[in-house]
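Values in this text are rule-based calculations from the coordinates and carry no lab data. A quick note: this is a predicted structure, and the numbers were derived from the prediction, not measured. FYI the Cβ positions are ideal-geometry reconstructions off the backbone, even for glycines, and counts take in every protein chain you see.
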Amino acid sequence: MKRIVARFYEEETRQSGAGEEGGKEMSGERDHGIDPAGETMESFFEELGERDEVYGAAIMRMLAWQLEQARLDSHVTKTAMAAMMGTSRTQVDRVLDRRNITVSIGMLARAAHVLGKRLKVELVDGNEVAAM
């Protein structure tokens, strides 16, 4: 899970233009006063108070990617998927957009269902999340 979070965070940073050469991120300067050298990404985000936000965004992005892969593997068009879900093609685009992390669990479950999948949401102890 840590690798997935780091990969999605790095991709999001690249897409947003943060960390470009000459910027604070590349020069090592940081406004938050935390030196990440030797730390894990998880502990770094924990110190910034952003760990839960980063995990949440990574999970949503991963789900969107998995749904898109399932759609492609099933040879289902977005238009057909929208019809099976009883929604618009625009809403399907939102569900499959990895940058959109505001999709509801209900909509994700409907998308998974029409692709022959099942969404599994699980509540675990906080200690278990850190062990991922």
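Just add up the charged neighbours of Asp52: K/R +1, D/E -1, any other residue whose Cβ is under 12 Å from the Cβ of Asp52.
Numbers: positive: Arg51; negative: Glu42, Glu46, Glu50, Glu53.
In short, -3.
Which loop trypsin sites (Lys or Arg not before Pro) in the stretch 44-132, with loop taken from DSSP, have no more than 16 other Cβ atoms within 10 angstrom of their Cβ? Before the final figure, lay out the partial values.
Values: sites: Arg51, Arg61, Arg71, Lys78, Arg89, Arg94, Arg98, Arg99, Arg110, Lys117, Arg118, Lys120; in loops: Arg98, Arg99, Lys117, Arg118, Lys120.
Listed in order of number, the matching sites are Arg99, Lys117, Arg118, Lys120.
Around Gly116, what is the net charge, scoring Lys/Arg as +1 and Asp/Glu as -1 over all other residues with Cβ under 14 Å from its Cβ?
Details: positive: Arg71, Arg110, Lys117, Arg118; negative: Asp73.
Spelling it out: positives minus negatives among the neighbours equals +3.
Going by how many other Cβ atoms sit within 10 Å of their own, how do Val92, Val114 line up, fewest first? Mind showing how you got there, number by number?
Values: Val92 25, Val114 21.
Listing Val92, Val114 from fewest to most nearby Cβ atoms yields Val114, Val92.
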